[in-house]
Amino acid sequence: MSLHPKLHAITERIVQRSAASRAAYLAGIDASLRDGPFRSRLSCGNLAHGFAACGPTDKSRLRGGVTPNLGIVTAYNDMLSAHQPFEHYPEILRETARSLGATAQVAGGVPAMCDGVTQGRGGMELSLFSRDVIAQSTAIGLSHDMFDSTVYLGVCDKIVPGLLIGALAFGHLPAIFLPAGPMTPGIPNKQKAEVRERYAAGLATREELLEAEAASYHGVGTCTFYGTANSNQTLLEAMGVQLPGASFVNPETPLRDALTRHAAVRALEITALGDDFRPLGRLIDERAIVNAVVTLMATGGSTNHTIHWIAVARAAGIVLTWDDMDQLSQLVPLLARVYPNGEADVNRFAAAGGTAFVFRELMDAGLMHGDLVTVAEGGMRQYTQDPALREGALTWVDGIAESADREVVRGVAEPFEAQGGLRLLRGNLGRSLIKLSAVKPQYRSIEAPAVVVDAPQVLNKLHAAGLLPQDFVAVVRYQGPRANGMPELHSLAPLLGLLQNQGRRVALVTDGRLSGASGKFPAAIHMTPEASRGGPLGRVREGDIIRLDGEAGTLEVLVDAAEWAAREQAPNTAPAAHDLGRNLFAMNRRLVGPADQGAISISCGPAAADGDIWNYDAEYELGHDAAAALAPHEAKDA
């Protein structure tokens with residue numbers, strides 16, 4: 001089917017807006033390729049250092065420079081369940097490369113922190129910035145110029161976006177992303193959430209809570225809810241840079257190992273030394289970015305990607321905005337109900353049809369670009385197939401034609417909702433986002449007094465003291481990127497969910513983030529400009545009436561305009577966090593850009609002709625705001 005005209009128009013607008021920066025990025029790729037196979041540029045001393053630790057066979061091949069060398073960037077650590085399976089991937093990749101007459105080396109490791117471990121703790125203030133550190137760490141690993149192709153081992157939260165940003169800085173190299181797969185099902189997510197809410201109400205003991213959590217997070221692999229980690233995987237497939245159907249194959253299975261081996265084969269087949277060269281920077285174009293956003297909306301994925309994919313797009317010279325995301329969400333129907341947008345886990349989603357079913361439905365409806373060049377031999381249409389082992393050999397078979405579980409996944413003709421899972425909110429408090437797919441329709445609007453706090457822990461204390469109104473909007477400010485690194489505020493979810501269950505009307509408004517696992521109550525998040533930049537959130541006072549309407553896309557404080565204009569910014573009263581390395585990120589907090597431009601604290605992407613949107617750090621130090629930075633582009637769109 002031909003492309004939907006609205007999807008075509010949105011894509012073309014992004015192409016036009018990005019013309020100068022994308023051209024500069026592609027010129028950089030061409031410049032990097034100009035001198036031919038990369039190891040040939042190295043001096044004898046450089047090259048000898050690069051293969052000194054290799055065995056005789058690998059050393060001989062690297063000396064010759066005529067066979068491809070595969071660079072492995074890994075986020076392995078054995079504390080995190082999602083990344084523990086990567087321990088043995090490098091040896092599988094090396095053995096596969098050797099069998100093909102090639103070589104493979106671990107280029108470097110990147111940090112991988114878990115928001116599940118740091119939720120509500122001081123360490124969460126390092127979380128968002130870890131993405132940029134991962135991008136820089138990736139670049140350091142690849143800076144030796146020893147590699148003809150790359151593979152990336154990463155799954156969770158900031159790790160995949162960071163790897164993508166780093167890989168796009170070396171966009172002249174082919175790249176394939178390798179997941180570890182989800183852990184097998186534990187206790188149902190609904191049961192876990194119920195125990196959390198009972199604990200928040202003082203009706204469950206810590207021992208009961210820990211038992212429920214341990215029964216949920218019980219083994220190797222990715223957490224099974226559809227949060228940021230698993231959203232990462234579907235978006236990678238939607239852009240064609242991960243093997244088709246690779247996302248939700250469980251660890252430590254023959255199919256998982258076969259996919260890992262085939263990733264090495266494909267990465268070595270698509271180098272500049274062969275006749276099927278597929279550099280990452282050309283694969284990830286405006287169409288690929290749109291596919292990722294479409295998939296995010298169709299599956300009700302993590303709100304964190306409204307920040308991360310803007311940064312990823314920028315790294316490829318592409319200017320993506322929240323307005324683009326909002327318009328795509330209004331165009332694309334919601335096809336999946338996976339926790340927190342439903343009760344199923346990702347294992348059940350995969351069994352019901354998974355990515356292959358969703359992608360075929362979207363492409364057949366003209367709601368997804370099907371003409372991308374991908375790392376798979378068969379292009380985007382291969383992503384409508386599932387991997388399988390037949391007599392020990394890896395192959396792909398057509399995905400199911402009908403949903404195997406209509407409570408979990410449906411076709412375009414009968415979606416769960418006509419629109420996707422996200423909405424952009426506008427009003428006199430600024431701009432923010434709400435994940436509507438996680439909120440039942442009867443809770444999507446509220447008008448209630450504000451309860452204003454500068455630290456999430458204060459809200460819990462107010463509840464314990466019985467000081468919260470019957471209905472209220474919790475305004476949690478000074479949680480943005482510049483204030484404290486924009487931590488996730490998932491620790492508030494059990495309390496607010498509990499109060500809503502009691503028949504009270506509650507909502508959250510914040511310049512912080514909310515976990516990809518959060519939902520149920522209306523939450524206006526990523527408020528921009530943030531309070532620490534002088535944003536209007538700092539002028540809200542206790543008892544102000546706030547009206548939030550998710551369906552209409554509005555958020556405003558109902559205060560007389562003259563009084564509102566005369567108000568001064570309230571100071572940040574949050575106590576200083578325990579350090580836990582926070583001091584090392586002072587420069588990141590000082591230089592970080594706003595959430596709606598990716599909350600980037602490093603320089604990434606080329607300098608465009610109208611360079612303010614790409615090199616805005618100094619501008620923002622002088623109070624430059626997001627609206628002004630985007631004005632030239634919005635004018636072009638008009």
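Each residue in region 559-579 was checked for being touching a residue at least 24 places away in the same chain (Cβ under 8 Å) and either open to solvent by 50 Å² or more (accessible area, probe 1.4 Å) or of a type in the set (D, E, K, R) (or both), and 8 of them qualify.
Would a scan of region 235-258 turn up a residue that is among the basic types (Lys, Arg) and touching a Gly at 6+ places or on another chain (Cβ under 6 Å)? Yes, that holds for at least one residue. Anything in region 254-295 that is open to solvent by 50 Å² or more (accessible area, probe 1.4 Å) and either free of Cβ contacts under 8 Å to residues at least 12 places away in the same chain or of a type in the set (A, V, I, L, M) (or both)? List them, or say none. Correct list: Glu269, Ala272, Leu273, Asp275.
Figure legend. Inter-residue proximity from region 154-169: first residues in contact (Cβ under 8 Å) with a residue 60 or more places away in the chain and of a type in the set (D, E, K, R), second residues in a helix (DSSP H, G or I) and open to solvent by less than 10 Å² (accessible area, probe 1.4 Å), beta-carbon distance below 7 Å, spacing 6+ or different chains. Indicated pairs: Asp157/Asp115; Asp157/Thr228; Lys158/Ser127; Lys158/Leu128; Lys158/Arg131; Lys158/Ile134. Selection of region 1-54 for residues being loosely packed, with under 12 Cβ neighbours inside 10 Å, modelled with pLDDT of 85 or more and of a type in the set (S, T, N, Q) yields only Ser2.
The residue pairs whose first member lies in region 224-250 and is at positive phi, whose second member is charged (D, E, K, R) and open to solvent by 10 Å² or more (accessible area, probe 1.4 Å), and whose beta carbons are closer than 6 Å, counting only pairs six or more residues apart or on different chains, are Gly245/Asp386. Listed by position, the strands (runs of 3 or more DSSP E) enclosed by region 380-448 that each have at least 1 residues that are without any contact (Cβ under 8 Å) to a residue 40 or more places away in the chain and either of a type in the set (Phe, Trp, Tyr) or surrounded by fewer than 14 Cβ atoms within 10 Å (Cβ to Cβ) (or both) are 385-390, 393-398.
Applying the criterion of being surrounded by fewer than 24 Cβ atoms within 10 Å (Cβ to Cβ) and of a type in the set (Asp, Glu) to the residues of region 324-352, the residue that is nearest to Ile284 (Cα to Cα) is Asp324. Screening Leu163, Leu168, Leu173, Leu210 for residues that are open to solvent by 50 Å² or more (accessible area, probe 1.4 Å) and among the aliphatic types (A, V, I, L, M) leaves exactly one candidate, Leu210. May I ask you to verify whether Asp371 is among the acidic types (Asp, Glu), assigned to a loop (DSSP other than H, G, I, E, B) and more than 30 Å from Val592 (Cβ to Cβ)? In short, yes. Filtering region 301-336 to residues that are assigned to a loop (DSSP other than H, G, I, E, B) and modelled with pLDDT of 95 or more leaves Ala316, Gly317, Ile318, Val319, Leu320, Thr321, Val332, Pro333, Leu335. The single condition among (1) touching an Asp or Glu at 6+ places or on another chain (Cβ under 7 Å); (2) under 30 Å from Glu12 (Cβ atoms) that Ile284 does not meet is (1).
You will find that of Thr306, Thr355, Thr299, Thr321, the residue that is under 19 Å from the mean Cα position of the chain (by Cα), polar (S, T, N, Q) and open to solvent by 10 Å² or more (accessible area, probe 1.4 Å) is Thr355 and no other. The C-beta contact set for region 523-550 (first residue open to solvent by less than 20 Å² (accessible area, probe 1.4 Å), second residue of a type in the set (S, T, N, Q) and part of a helix (DSSP H, G or I), distance under 7 angstrom, 6+ apart or interchain) comprises His526/Thr306.
Condition (residue is among the small types (Gly, Ala, Ser) and farther than 30 Å from Ile14 by Cβ) applied to region 315-323: is it met by at least one residue? No: zero hits. Here region 566-615 is the region considered, the condition is being at pLDDT 85 or above and acidic (Asp, Glu), and the residue that is nearest to the chain's Cα centre (by Cα) is Asp596. Applying a threshold of 7 Å to beta carbon distances and a minimum spacing of six or more residues, or different chains, the list of pairs starting in region 363-375 at a residue that is touching a residue at least 24 places away in the same chain (Cβ under 8 Å) and over 17 Å from Asp276 (Cβ atoms) and ending at one that is among the basic types (Lys, Arg) and open to solvent by 10 Å² or more (accessible area, probe 1.4 Å) reads His369/Arg287. Among the residues of region 74-104, those identified as touching a His at 6+ places or on another chain (Cβ under 9 Å) and surrounded by 20 or more Cβ atoms within 10 Å (Cβ to Cβ) are Thr74, Ala75, Tyr76, Ser81, Thr96.
Of the numbered criteria (1) at pLDDT 95 or above; (2) under 15 Å from the mean Cα position of the chain (by Cα), the one Tyr226 fails is (1).
The values are calculated or read from the model by the stated rules, or taken from the named source; none is laboratory data. This structure is a prediction, so every number in the text was calculated from the model and none was measured. Using ideal geometry, Cβ is built from the backbone for each residue, glycine included, and neighbour counts are taken over all protein chains shown. The protein model used for the area step is the full one, side chains on, heavy atoms only, and it has no ligands, DNA or RNA in it. Shrake-Rupley method; radii C 1.70, N 1.55, O 1.52, S 1.80 Å.
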